[in-house]
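Take a look at the structure set out below.
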Amino acid sequence: MSSVGLLLLCGIFLGVGPAAADGDEVTIDVTVDGTPVGDDELLLDPTGSSRISVTVHNGTDTVRHVKTIRLSGTALALTFFSYDTTVPFDVPARQSVTRGFVLDLGQLGEQATGLLPTELEVLAADREVIASIGTTGDVRGSMWSVYGVFGLAVFGLTVLAWAGALFALARRRLPANRWQRAMRFLPAGVGTGLVAVISLSVLRIMAPSPAAEIPFILGAAAAAFVLGYLTPHPNADDLLLDPPQAAPFVEPYTQPYADQAHADQPFVDPDSTHRITRPLPGGGA
């Protein structure tokens, strides 16, 4: 057996197949206003339209039917903008087809702003994704867009969470158990991480991605959790709100005279300088 046959036989046993790993797939190349979509940031300006050109490379042995081209942007696992354009065409086996269209981005300014992970996909008639390419979109939208308002809402909730935890700490109203005190601070830490991720995105410093989101959120949550765990234990006296005052001791009424021989004589209070007459049992005055 020749060496080529031996290598082919080994490849079959290892499940590798002959030269089918690299070319049997569908890929796309995209340009927006003549700029290739890839590692560089993609400028998305809502004040105008963008000319998008998509080239689909079919490396399979079957014809691929493309119906829709989608442009979308996501952050924190949420989709903040999505544009579907119907451009039906077929890509024969082992061939490439290019199609271009103009996309109106007029509504984008009300949907997002800042740096967001952006993806362009080609879909089949059944909405199955045939191929996709990702990049970082630089959206020149408004601060009052959906994404901007979402960031402001997260910031407000985070401030309330910190204010509630710190106010309880100052008033010594936190739970006595350390783990419960730590859990009281945990939501504030998670909110702080989310605010950091959104702020960096809106300020166009760094786009939110799993590689950036997870360290920020987990780090801030862990710091808040440890801070709550290390807070001082509230004293028992501080756990009572306005404890009731003890009632003054009142000596119960006793018979001032032990015998009835003096029952007709008035009772004199020794602690007073005047004479007090009180009715006595038996009818005396």
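Every read-out reported here was derived from the displayed coordinates using simple, explicitly stated rules and does not represent laboratory data. Quick caveat: nothing in here was measured; it's all calculated off a predicted structure. Glycine also receives a Cβ, built like all others from the backbone with ideal geometry; neighbour counts cover every protein chain displayed.
Pull up all non-local amide H partners of A112: gap of 5 or more, or a different chain, and H-to-H distance under 5 Å with H placed in the peptide plane.
Those lying under 5 Å, H to H, from A112 are S142, V146, Y147.
Around T31, what is the net charge, scoring Lys/Arg as +1 and Asp/Glu as -1 over all other residues with Cβ under 15 Å from its Cβ?
Once positives and negatives cancel, what remains is -3.
Can you sort M143, M206 by how many other beta carbons sit within 10 Å, fewest first?
M143, M206
Can you sort R99, R51 from fewest to most other Cβ atoms within 10 Å of each residue's own Cβ?
Fewest-to-most Cβ neighbours within 10 Å comes out as R51, R99.
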